[in-house]
Amino acid sequence: MKKLQSNKSWRKIAIATLGATAVGALLSGCAVGGTTTEAVDQAEGDATLVVWTDAIRLPLFEAYQEAHPEVTLEIETLDSSPDELASKILLANTSGQGWPDVLATAASAASSLAGDPYDFALDLTSLVDPEIVGDFSQGTLDPCTVGDELICLRGDFAPGVLWYNPNLMDEFGYSIPTTWEEFQATGEKLVEEHPGYVVGSASNPWDDLTYYAAAECPGPEFTGVNTVKVDLSDPNCTRVTEMIDSMLEVDAFARTAVVDPQFAQDYGTPEKVLMMMGPIWYGQNVYANSFDAAPGTLSFAAPPKWEADAEAHTGDIGGRAYVVSSHSEYQQAAADLVTWVTTGPFLATEASTTLPSYEPMQGAWLDRNIEDGTFTEVDTPLNEVLATAVDGIWTGLTYKQANSETYRSVVPAALGTGQSMTETVPEWETRLVQNLEAAGWEVE
């Protein structure tokens, strides 16, 4: 697999700071600095570690427990938002007890836990082998970097790819679009020739990354350590808005999210999704688990590009980071745990549904999905396709937590009630600017 392109050092600082704005700045008004908690005396003997994780990553920790019986894991499954997790950390700070030893949270939110008011995240620099750190896909640990400190390890990341049903493509005589203009034309042709079929949705909570980041839309875009540009009237944004509206108008886009059971009932299970743009985790978590897609009915192509652009881009649409508590009495054991769940052999098993950030495991993960029939290779080898998608992640803003939270709260409901994207964008932009300014950003 090719590695991601290097990112400027100021971007690492900015991403870390944005994580703070998304989760903690409205509570504290403070910028992230670094870990400040006093050193905790370390216990001797076999470790007992409290883990907070979401349900998707629970099998990771269960596998670790089975492989390491000398360590006792007390696992709490919390399908909570980053804000809710951060609030629980504040409650533990107030009571002086109740912190987890390891926390799984959104990659974009991890950095906020390093400084005031949380003082939770432990610097892992001296606890994780630097050669292991160097083997993470370049850029994936940016959200885990605060100054010179490494405050988490990232388990997975999610470039966007163009999912498609190869059987339907052959049956209808269509070609895989390589540009967004071709994507739109194919969608319009599809509903004219085969009513009831769709090419995706723009009602997913992460679709600012699916479509707008892929167009290099400044919504927002880093321009400096403390500054961002927000302009959804920029041509890079309006071309997306116009495309979405065209697809909605002819019913080529559904008005429900792909994870909505109604979408699965109407389009997914009956195999009425010709293609759709989405993160790499759609393969297992949407097509296999929700649509019950049969082997041989799913493949993916490289993300399309806009005709005016030199190359294709995609958003980084998700991912979990693992943070070790500075309050832990078993810090090395906790660091060993997060190292194992982000780099270990479990990542190549069927239970691992998301693309590892750890580059040496990416090929094994992809091979397993091909072997079990989840992904079908058609023409171009899928390792080359995936490498192209990874290399195309737009580094203007790798994972836009602040924007995604605003998009999530505004756009899906508006589109679901019949509004156009053009009608919805002004409220999205207004609330985005308000949220960023309230958190201390200078918005250009």
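May I ask you to say which residue of 234, 251, 260, 266 is surrounded by fewer than 23 Cβ atoms within 10 Å (Cβ to Cβ), acidic (Asp, Glu) and in contact with a helix residue (DSSP H, G or I) (Cβ under 6 Å, 6 or more places away or on another chain)?
Only one candidate passes the filter, namely 251.
Out of 359, 423, which single residue is within 20 Å of the chain's Cα centre (by Cα) and either assigned by TED's automatic domain parsing to the domain that holds residue 102 or at pLDDT 95 or above (or both)?
Answer to the check: 359.
Residues to consider are 351, 310; find the one that is outside the structural domain of residue 219 (by TED's automatic domain parsing) and either of a type in the set (Ser, Thr, Tyr) or out of contact with any Ser or Thr (no Cβ under 8 Å at 6 or more places or on another chain) (or both).
351
Over 27 Å from residue 135 (Cα atoms) and of a type in the set (A, V, I, L, M, F, W, C): does that describe residue 217?
Taking the combined requirement at face value, the residue satisfies it.
Which one of these does residue 138 not meet: (1) surrounded by fewer than 20 Cβ atoms within 10 Å (Cβ to Cβ); (2) assigned by TED's automatic domain parsing to the domain that holds residue 281; (3) closer than 30 Å to residue 308 by Cβ; (4) touching a residue at least 12 places away in the same chain (Cβ under 8 Å)?
Residue 138 satisfies all of (1) surrounded by fewer than 20 Cβ atoms within 10 Å (Cβ to Cβ); (2) assigned by TED's automatic domain parsing to the domain that holds residue 281; (3) closer than 30 Å to residue 308 by Cβ; (4) touching a residue at least 12 places away in the same chain (Cβ under 8 Å) except (2).
For the stretch 271-312, give me each residue that is among the hydroxyl-bearing types (Ser, Thr, Tyr) and in a loop (DSSP other than H, G, I, E, B).
290, 297 - these are the residues of the stretch 271-312 that are among the hydroxyl-bearing types (Ser, Thr, Tyr) and in a loop (DSSP other than H, G, I, E, B).
If we keep just the residues of the stretch 103-123 that are in contact with a Leu (Cβ under 8 Å, 6 or more places away or on another chain) and surrounded by fewer than 24 Cβ atoms within 10 Å (Cβ to Cβ), which is nearest to residue 153 (Cα to Cα)?
The residue in question is 123.
Inside the stretch 106-123, can you point out the residues that are within 22 Å of the chain's Cα centre (by Cα) and closer than 17 Å to residue 339 by Cβ?
Matches in the stretch 106-123: 107, 110, 121.
Tell me which of these residue 314 doesn't satisfy, since it passes every other one: (1) under 21 Å from residue 277 (Cα atoms); (2) modelled with pLDDT of 95 or more.
Evaluating residue 314 over (1) under 21 Å from residue 277 (Cα atoms); (2) modelled with pLDDT of 95 or more leaves (2) as the failure.
Between a residue in the stretch 71-98 that is without any contact (Cβ under 8 Å) to a residue 24 or more places away in the chain and within 24 Å of residue 44 (Cα to Cα) and any residue that is of a type outside the set (Val, Ile, Thr) and in a helix (DSSP H, G or I), which pairs come within a Cβ distance under 6 Å, given they are 6 or more apart or on different chains?
Listed by first residue and then by second, the contacts come to 98/92.
Mind listing just one residue for me: the one in the stretch 11-64 that is in a helix (DSSP H, G or I) and of a type in the set (Ser, Thr, Tyr) and, of those, modelled with the lowest pLDDT?
Only one residue tops the list, namely 28.
From the list 85, 91, 73, pick out the single residue that is aliphatic (A, V, I, L, M), assigned by TED's automatic domain parsing to the domain that holds residue 333 and not in a helix (DSSP H, G or I).
None of the others qualify; the one that does is 73.
If you go through the stretch 181-208, how many residues are under 26 Å from residue 428 (Cα atoms), in contact with an Asp or Glu (Cβ under 8 Å, 6 or more places away or on another chain) and part of a helix (DSSP H, G or I)?
1
Which numbered condition in (1) free of Cβ contacts under 8 Å to residues at least 60 places away in the same chain; (2) small (Gly, Ala, Ser); (3) more than 19 Å from residue 152 (Cβ to Cβ) is the only one that residue 43 fails?
All conditions pass for residue 43, except number (1).
The values are calculated or read from the model by the stated rules, or taken from the named source; none is laboratory data. Remember, predicted model here, so these are calculated numbers, not experimental data. Glycine also receives a Cβ, built like all others from the backbone with ideal geometry; neighbour counts cover every protein chain displayed.
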